[in-house]
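All remarks here apply to the structure that follows.
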Amino acid sequence: MNDIEQLIAGLSKEAQPVRPAPHPYKLSLQWTGAATLYLIVTLALTGLRPDWRESFVEPWFVAEIVTLFALFIVTALSAALLAFPDLHQKRLLAFAPVVPAVLFLAVIFLAWRADTPPAPLPEHSIECTCSILLTMLLPTAWTFYSLRRYASTHYRLAGSIALLCAFSVGALWLRLHEVNDSIAHVVEWHYLPMLGVGLLGLWLGRLLLKW
Amino acid sequence: MSGQNDNLEDLMRRSLAGDQRAYADLLRETARLLRPFLSRRLRFSNEVDDLLQEILLSIHKARHTYDGQRPYKPWAYAIARFRLLDHLRTHYADQLRHAEDYDELEEILPDDVTESEISYESISAEVEKLPAKQATILRLMHHDGYTAKEVAAQMGMNESAVKVAAHRAYKILRERLER
């Protein structure tokens, strides 16, 4: 009991005015704003796919981009909530990425069903995954750096969600940059690696976000 | 109840503004709240005290994540639960490591214990012949069931020193019993 009294006395002496962390909505807005800017700059440097006018009248392509963008926004919000010990007392919202993820999977499945006859496969394969991984490096570093300033009690999940958010930025960039109509290729080399990235995030979260 | 909650939130708001007295009151009140929560989940009172100190430190470290606008208790309990799970995880990992230590002891024993000349008493006698520190460590760990961490706390040693001393003691015992 004496030890606790001593500790309290010591800690209270350190009580200087503290600037509270920003609200998670504001935090996620900062992340999505920075990531969107990064996406725009990357697209400006690498170029928008030349057939974008035709692509944006394809309903399944539009649905894919919209749900992927929703996944990006909601994972950013969820990661921001997971940065707080009590999830800012918005537990349901922290687990909200399930909704856009399910929608996204449904869209991909329906797009794959609608791809008859199947569009020709591009000649490249793993290059797409590598490009997405390279593109996501900067958003990943930024998000993890930011997350480390808070106090996540769900560090594994926060790591995984943060990585999925960064991956969706990379995936959005590639879909808007690369001329490719093959949904089979997109599933195999763009979106399936998401699972691995999610698992890697669990490990990275434990490594970098434990406090 | 609501009055007490308002009080906690108010204390936290004042603490974040740099009020040292409010901060001391808040931490004291938090410790009072969390003690029964931990006591229900942990066996030893020294464990409760250690963990309580760790939780207060975590609250201090994470206080910038509380903005004064939402209830204080769920925030503090989230940190307490997080530290408790962390503690239990480490504790059980420790127990598993000790299970391996028991295996080492079992290796010393011959296969058929009933036909052996080595009895529990003879092992105990050999343990007593060990240097005092090693004998105490083995007694605490294998007779009284303490973890290496708890033994370290009791003997004023660090955990790895306890493990090294225990390991050396096993080696000596093995040599003596195999003779």
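Values in this text are rule-based calculations from the coordinates and carry no lab data. For clarity, every value in this text was computed on a predicted model and none was experimentally measured. Methodologically, a virtual Cβ is constructed for each residue, glycine included, from the backbone with ideal geometry; neighbour enumeration extends over all protein chains shown.
Could you tell me which of rounded, prolate or oblate describes the range B:2-89, using a ≥ b ≥ c as the square roots of the eigenvalues of the alpha-carbon gyration tensor, with rounded for a/c under 1.5 and, failing that, prolate when a/b is larger than b/c and oblate otherwise? Prolate, since a/c reaches 1.5 and a/b exceeds b/c.
Using Cβ contacts closer than 10 Å as the measure, can you line up B:49, B:10 from fewest to most? Present the calculation step by step, with values, prior to reporting the outcome.
Numbers: B:49 18, B:10 14.
Going from least to most buried by this count: B:10, B:49.
How big, in percent, is the set of alpha carbon pairs in the range B:109-178 lying more than 19 Å apart?
Taking all Cα-Cα pairs of the range B:109-178, the fraction more than 19 Å apart is 34 percent.
Taking a point 7 angstrom from the Cα of residue B:20 along the C-beta vector, which residues in the range A:1-43 have backbone N less than 20 Å away? In the range A:1-43, the label zone of residue B:20 (backbone N under 20 Å from the point 7 Å along Cα→Cβ) covers A:3-19. Against the main long axis of the alpha-carbon atoms of chain A, helix A:98-114 sits at an angle near 10°.
For the pair residue A:114 and residue A:207, what calculated FRET efficiency results from E = 1/(1 + (r/R0)^6), where r is the Cβ-Cβ distance and R0 = 51 Å, to the nearest 0.05?
Details: r = 41 Å, r/R0 = 0.81.
In this case the efficiency is close to 0.80.
When the GluC sites (Glu not before Pro) in the range A:98-201 are filtered for DSSP coil states and for at most 14 other beta-carbon atoms within 10 Å of their beta-carbon, the remaining sites are A:123.
Taking other C-beta atoms within 10 angstrom as a stand-in for reagent exposure, A:46, B:90 fall in the order B:90, A:46, fewest first.
Oblate is the label for the protein assembly as shown. Its Cα gyration tensor axes, ordered a ≥ b ≥ c, give a/c of at least 1.5 and b/c at or above a/b. Against chain A, whose longest principal axis is taken from its Cα atoms, helix A:59-82 shows a tilt of about 10°. Between residue A:2 and residue A:141, the FRET efficiency from the beta-carbon distance, with R0 = 51 Å, is close to 0.70. Separation of the range B:14-30 and the range A:159-211, taken as the distance between their Cα centroids, equals 43 angstrom.
Modelled this way, with points 7 Å down the Cα-to-C-beta line, the labels at residue B:67 and residue A:13 are 3.4 nm from one another. From largest to smallest, the equivalent ellipsoid semi-axes obtained for chain A from the alpha-carbon gyration tensor read 39, 16, 15 Å. Taking each DSSP H run with n ≥ 4 as -39500 (n - 2.57) and averaging over every residue of the protein assembly as shown yields -24000 deg cm²/dmol at 222 nm. Net charge around residue A:142, counting only other residues with Cβ within less than 15 Å of its Cβ (Lys, Arg = +1; Asp, Glu = -1)? Computed value for this residue: +2. Counting charges near residue B:66 (Lys, Arg +1; Asp, Glu -1) among other residues having Cβ under 14 Å from its Cβ returns a value of +3.
Determine the dipole magnitude for chain A: charges of +1 sit on the beta-carbon of Lys and Arg, -1 on that of Asp and Glu, nothing else is charged, the reference point is the Cα centre, and the result goes in debye to the nearest 20.
Details: 14 positive and 14 negative charges, 169 e Å.
Roughly 820 debye, rounded to the nearest 20.
Charges were assigned to the Cβ only: +1 to each Lys and Arg, -1 to each Asp and Glu. The resulting dipole of the range B:109-178 about its Cα centre is roughly 560 debye.
With Cβ to Cβ distances under 12 Å as the rule, what net charge do the other residues near residue A:18 carry (K, R +1; D, E -1)?
Details: positive: A:19, B:13, B:14, B:61, B:63; negative: A:14, B:19, B:67.
Its environment carries a net charge of +2.
For the residue pairs A:210/B:163; A:90/B:61; B:61/B:163; B:129/B:149; B:129/B:163; A:13/B:149, the alpha carbons lie more than 28 Å apart in B:61/B:163; A:13/B:149.
Quick one: angle between helix A:193-209 and the longest Cα principal axis of chain A, in degrees between 0 and 90, rounded to 10, please. Once rounded, one gets 20 degrees. Legend: ranking of residues B:167, A:185, B:142 from fewest to most surrounding C-beta atoms inside 10 Å; resulting order B:167, B:142, A:185.
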